[in-house]
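Just so it is clear, none of the values below were taken in a lab; they were calculated from the coordinates. What you see is a predicted model, and the numbers here were worked out from it, not measured in a lab. No Cβ is skipped: glycine too gets one built from the backbone with ideal geometry, and neighbour counts run over all protein chains shown.
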Amino acid sequence: MLAICTGISGTDKRAYLIELQEYAERYHDRELEVFDLGTFVEEEAKRLFQQSHIAISISDIAKKVLDLPKSTARQLGATASEQILRQINGRRGNYVISTHACFRWKKSLMLTVDSHYLDQYEPDVFLTMTDEPYKIRATLQQDPKWVDKLSVEDIAAWQGEEKEATRILAGYRRKEWMEFKVGAPKKEVFDYLFKIKGSKRRLPPPMPSPHKTIYCTAISGTKAREYLRAFCSWAMKTKQHEITLLDLGATVVRVAQKYKRSITKQNILREGEQDLNTWRQEALRILRDERRKHGDCIILGHSCFRSNFKMENLLLGFDPEQELITWSLINPDVYVTITDNILSNKVRLNREDQAEGLDLSLREIAMWHDEECFFTRLIAENFKKPYYIMPLSEPFETLDGIIFQQDRKRIYLSFPITEVLKKEEKEREEIFSWKNELRENLRKSYVVFDPLDILDGALPKILDSETKFHHLLKDHIIEFNENADGSIERATKSLQVFFVNSEKLKIKEAGITLSRGELEKAVGYINDQIVDRDYRLIDQSDWVAVYYPVPEVSAGVISEVVYGFSHGRSVFAWWFSREVSPFLEAYLTGLCFSKEDLLNMLEKYSKGQ
């Protein structure tokens, strides 16, 4: 028997599993060996950090591990997993591997489980250990590296994410999963681990198809449906490429209305989870059959919901125990999450996409954005399919490129945003114009991801002491307008934020008010997610292209250069001056001093020269 046990930091699951080990041996004469993956990672990190001939003090190793670059952390996890596999392979025994499915070290959600090694373990069963969030926080507060790191609300959210992520991992592998409170009677957990498990049939092989199926997710209020309708119209008009849009959410509502006439898209989240799962399973079967009638298709849905009906607020957008069978038959080729500015989401949820339970704060919307990306990526990774983040403001060519032109190189455009914003207006606008001109030149030959397509970084500036009365969020919200001929136009609109008083802000065009406290609570999530999202955009790119037109040092650009280079991406820079530090050049694949040279250099590399 081999079990995978997850649970967030502070649950004391390690101590509980040792007690369970002793219980199994004392009362049932069963040997149970517990492997804590985190301990193996920390030991490997000590070896990595310790130079061979120099005695150095390595303190607080666990904190250093959590701050490592993703590539290094991933390698440490792989090495630790290999060590565990070597100890259990070829031996008959009973094992529990203690690990995390996800992590909230900062305000963004990290995927920590490695599906490759999870499959190598060949687990028989999954469980998640949980505890009351306030107890977990009290435990974490006693650990110096965790002091004041997470609030009770953060911990409740993380615990919900850990449970649902583990359910997905178990469901994909057709294994049982159960939640246990730390402190649960050892007999209950023992009986669960050692009872005879009925075998579940494996996921059926995917349906071969000459056509593409794309699964797009987005949180409510993103206007993903309108964006995708406009994209399908654009593809037909410009490329004579017919793409069918299938709406899973709308199909679920129609199915639900057959059983309960009072159901609407506004109140459906009030229904019980069992009813929602039943209706969604029927809707998925309808889409499976509908999909067979068409060529290339986009399916729009949710990977999760965040509502305010319960403390954890998190509800998966699918049932991993039941729906993955149908999903494997639909077999999407590409997974995409469409994302937008969190204030734009709040405005739309308040104005036109009102739904019961979705009157969320900026902080909750930021968390939902993060979770939607996380769970969609988790599904994609389990099915071994590519996953992309797509800002709503990206042109249709970008979505077309990542879906239908996967041979095109993908470029992340790095730019010293903060330093340019400090310039006088005339110089600032001129530099942005040059940057946009470069971006459009690049888009003629490549798929380009521009971090400025998400404008959440403008929100913390509202709290600057210099902002006395009002603040203009230029081109902050995207609107879609349908013409008489059925075509859809996309336009941007600015938002004006006025201070009603020192504690209250009003968004004039949206007719909503925000408290200063609500914005302050969201700032940490906004800042952490800006960094994490930009790194994810680099992850989904082949190259990083840097446009650096100013002499001031940009921490963001330098970090992106190092991240890209250390994660196997080629990094090309168009620099403002020929005086370049050798420390920068060490991380560059190519360096030039004009736009024409940059374009020529990229063309040369794209041809393999």
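Quick notes on this one:
- Counting other Cβ atoms within 10 Å as a rough exposure proxy, the listed residues THR238, THR112 run THR238, THR112 from fewest neighbours to most.
- Computed from Cα atoms alone, the Kirkwood hydrodynamic radius reported for the range 2-194 is 17.5 Å.
- Rg(Cα)/(2.2 N^0.38 Å) for the range 516-591, N = residue count: 1.29
- Among the listed pairs LYS384/LYS435; LYS13/LYS64; LYS106/LYS135; LYS260/LYS385; LYS258/LYS385; LYS422/LYS607, those whose Cα-Cα separation exceeds 29 Å are LYS384/LYS435; LYS260/LYS385; LYS258/LYS385; LYS422/LYS607.
- Net charge of Cβ neighbours under 12 Å - reference GLU82; Lys, Arg +1; Asp, Glu -1: -1
- With a cut-off of 9 Å between beta carbons, the residues surrounding LEU2 carry a summed charge of -2, where Lys and Arg count +1 and Asp and Glu -1.
- Options GLY511, LEU315, PHE449, ranked by Cα towards positive dipole end of the chain, top entry (Cβ charges): LEU315
- Mean Cα-pair separation over length for the range 148-301, i.e. relative contact order, pairs under 8 Å, 6 or more apart, %: 29
- Overall, the anisotropy analysis places the range 165-287 in the prolate class: the square-rooted eigenvalues a ≥ b ≥ c of its C-alpha gyration tensor yield a/c not less than 1.5, with a/b exceeding b/c.
- For the chain, the share of DSSP beta bridges that are antiparallel, to the nearest 5, is 30%.
- Based on C-alpha pairs under 8 angstrom that are at least 6 apart in sequence, the range 2-194 has a relative contact order of 34 percent.
- Think of the chain as a dipole: +1 on every Lys or Arg Cβ, -1 on every Asp or Glu Cβ, centred on the Cα centre; then among LEU66, LEU602, GLY90, GLY90 lies furthest on the positive end.
- Taken about its Cα centre, the range 394-473 carries a charge dipole of about 180 debye when Lys and Arg each add +1 at the Cβ and Asp and Glu each add -1 at the Cβ.
- Student exercise, the chain dipole from Lys, Arg, Asp, Glu Cβ charges, in Debye to nearest 20: 1180
- Applying both filters, DSSP loop and at most 13 other Cβ atoms within 10 Å, to the GluC sites (Glu not before Pro) of the range 531-609 gives GLU552, GLU579.
- Of LYS212/LYS239; LYS212/LYS265; LYS145/LYS521; LYS444/LYS595; LYS461/LYS504; LYS237/LYS293, those spanning more than 19 Å from alpha-carbon to alpha-carbon: LYS212/LYS265; LYS145/LYS521; LYS237/LYS293
- Formal net charge of residues neighbouring GLY608 (Cβ-Cβ distance under 15 Å; K, R +1; D, E -1): +1
- Dividing the convex hull volume of the alpha carbon atoms of the chain by its residue count gives 197 Å³ per residue.
- Each DSSP beta bridge with both residues in the range 2-194 is either parallel or antiparallel, and the antiparallel ones are about 10%.
- Taking 0.36 nm per residue of separation and subtracting the Cα-Cα distance, full extension of the segment from ALA586 to ASN441 would add 49.5 nm.
- Taking N as its residue count, the alpha carbon Rg of the range 320-433 over 2.2 N^0.38 Å: 1.38
- Looking at the range 454-609 alone, DSSP beta bridges between its own residues are antiparallel in about 65 percent of cases.
- Dipole-positive endmost among GLY10, SER581, GLY249 within the chain (Cβ charges, Cα centre): GLY249
- Remark on the range 399-440: Rg and Dmax equal 14.3, 42 Å (Cα only).
- Relative contact order, percent, the chain [alpha-carbon distance under 8 Å, six or more residues apart]: 12
- Footprinting exposure proxy for SER566, SER581, SER414 (fewest neighbouring C-beta atoms within 10 Å first): SER581, SER566, SER414
- Per-residue Cβ neighbour rank within 10 angstrom, fewest leading, TRP575, TRP434, TRP158: TRP434, TRP575, TRP158
- Point-charge dipole on Cβ atoms (K/R +1, D/E -1) for the range 246-355, about Cα centre, debye to 20: 420
- Its residue count N fixes a reference of 2.2 N^0.38 Å for the range 472-537, and the Cα radius of gyration divided by that reference is 1.49.
- Each peptide in 84-92, 297-305, 522-530 gets a packing score, the mean of other Cβ atoms within 10 Å over its residues, and the list from highest to lowest is 297-305, 522-530, 84-92.
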